[in-house]
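Let me begin by presenting the structure, written as structure tokens, before commenting on it.
The values are calculated or read from the model by the stated rules, or taken from the named source; none is laboratory data. Not measured: the values here are computed from a predicted model. Ideal geometry is used to build each Cβ from the backbone, glycine not excepted, and the neighbour counts take in all protein chains shown. Note: areas computed on protein heavy atoms with side chains; ligands, DNA, RNA excluded. Shrake-Rupley method; radii C 1.70, N 1.55, O 1.52, S 1.80 Å.
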Amino acid sequence: MKTTIAALKEEMIAWRHHIHAHPETAFEEKNTTQFIIEKLQSFGITELYTEFAPTGVVGIIKGNKEGRWIALRADIDALDILEENKMDYRSTVDGKMHACGHDGHTAMLLGTAKYLAKHRDFAGTVVVIFQSAEENEGGARVMVENGLFDRFPIEAVYGIHNQPNMKLNHFYITHGPIMASYDVFDIKITGVGAHAAAPHLGKDTILTATQIVNGLQSIVSRNADPLSSLVVSVTQIHSGDTWNVLPQQAVIRGTVRTFNAQVQDMAETRIKQIATGIASTFAAKAEIDYQRRYPATINYAEQADIAIKAAQTVVGLQQLIIDPLPSMGAEDFAFMLQKIPGVYVWLGAGEGANLHNPKYNFNDEVLTTGVEYFVAIVNQELGH
């Protein structure tokens, strides 16, 4: 297996570099989707479906015997970031780049699909999911809502993400929560505008906003159990246009992240109470728009054990990190795990720029490791 997969490396690098040079963001990945379809068809995979989302594709690979159905997933979208790298395959689209490694994940799953199409010595069916719009827009949710797991009898789903600044070609596999939920909030404060020289004639929205920001910091320190994980971060404040006017409105935006649904409920309630209460104290009005974007990504124990066995066959026990600390980042693979069992693992990519950094670049040295892992999952789940 290893020799055959190793022979795919240069081809996968070429695919990855092509995708990197032509980034497309959420639900705009039309050319990327067409590229994937053409490759899958060239591998002899002809049962393809594109109806589960505006972009992205699902392929069906049947083994030489009947059996269970499992799915392997890769995300395909880029980010709205201006690339600062100078290599010859850098982004050709100003303001867009593959800064999270989805180009590598796509190449990895294409390599897996090519291998499985030629080596169908497994009992069952493998569904390869090339999912669009992971970044912010919840492409996984769209595919689930459009019936992906109702259409096919998939019993488990497996995902992988490269992680820069984690040990190269080491697998990090967690039983239970691995990524946090992702909520966002907008607080619109309305007061009475006034000349800066006569503040007593107005209702100061900037003063109100600063007090609300301070109040929100008490949620983690005074409302959450110290043993629970919770982040409440204010990331934007917008108000005013000039030096001598107290603005009529101010807007506060931010994010909430946790692993626990009850903590999530509490945080939402307290944000609303604090914002409306403080605004009322300063004779202003606060309107809160709270949106729950992604749920927490919570691995299933059984699939985590399968992943551990698969990873061990690829890199050995010495390159396995079991139950590392989870991340407060978020991942829409969570929507798939809410529907069926599965596991999401990290693959260490060695030293480099962090994810979502304009100097980030996927490490091609992990491509074959990722394919070997996916194939090992198939062997674990669907082996004769």
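Each Lys and Arg Cβ is given +1 and each Asp and Glu Cβ -1; about its Cα centre, the chain then shows a dipole of about 420 debye. Across all directions, the average flat footprint of the convex hull enclosing the Cα atoms of the chain is 20.5 nm².
First obtain the Kirkwood hydrodynamic radius of region 1-106 from its Cα pairs, then insert it into the Stokes-Einstein equation at 25 °C and 0.890 mPa s, and state the resulting D in µm² per second as a whole number. Working shown, then result.
On the way: Rh = 15.2 Å.
After rounding, the answer is 162 µm²/s.
Computed over region 251-384, the P(r) tail beyond 21 angstrom holds 59 percent of alpha carbon pairs.
With all projection directions averaged, the alpha carbon convex hull of region 198-303 covers 8.1 nm². Accessible surface of His20, taken over heavy atoms with a 1.4 Å probe and every protein chain present, rounds to 0 Å². In a DSSP loop and with at most 15 other Cβ atoms within 10 Å, the GluC sites (Glu not before Pro) in region 1-91 are Glu47, Glu51, Glu84. Roughly speaking, what % of Cα-Cα pairs in region 71-148 are separated by over 22 Å, rounded to a whole number? Taking all Cα-Cα pairs of region 71-148, the fraction more than 22 Å apart is 39 percent. Working from Cα pairs under 8 Å separated by at least six residues, relative contact order for region 190-264 is 37 percent. Ordering Met179, Phe149, Asn169 by Cα displacement along the dipole of region 145-215 toward the positive end leaves Asn169 in first place; charges were set at the Cβ atoms of Lys, Arg (+1) and Asp, Glu (-1). Between the alpha-carbon centres of region 24-63 and region 118-196 there is a gap of 18 Å.
Note on region 40-97: Rg/Rh from Cα positions, Kirkwood definition for Rh, rounded to two decimals, is 1.14.
Its residue count N sets the reference 2.2 N^0.38 Å, and the alpha-carbon radius of gyration of region 129-264 equals 1.53 times that reference.
Convex hull volume of the Cα atoms of region 297-343, normalised per residue: 82 Å³.
Short-range pairs are left out: with C-alpha atoms under 8 Å and at least six residues apart, the relative contact order of the chain is 25 percent.
Suppose every Lys and Arg Cβ carries +1 and every Asp and Glu Cβ carries -1, with no other charges. What dipole size does region 246-384 come out with about its Cα centre, to the nearest 20 debye?
700 debye
Applying both filters, DSSP loop and at most 11 other Cβ atoms within 10 Å, to the GluC sites (Glu not before Pro) of region 309-384 gives Glu351. An oblate overall shape is assigned to region 318-384, the ratio a/c of its alpha-carbon gyration tensor axes (a ≥ b ≥ c) being 1.5 or greater and a/b not exceeding b/c. Given a 1.4 Å probe and the protein chains as shown, Phe149 ends up with an accessible area of around 20 Å². For region 270-384, the relative contact order comes to 30 percent (Cα pairs under 8 Å, sequence separation of at least 6). Accessible area ranking (1.4 Å probe, heavy atoms, ligands and nucleic acids excluded), largest first, for Tyr290, Tyr360: Tyr290, Tyr360. When Rg and the Kirkwood radius Rh are both evaluated on Cα atoms of region 187-233, their ratio Rg/Rh stands at 1.21.
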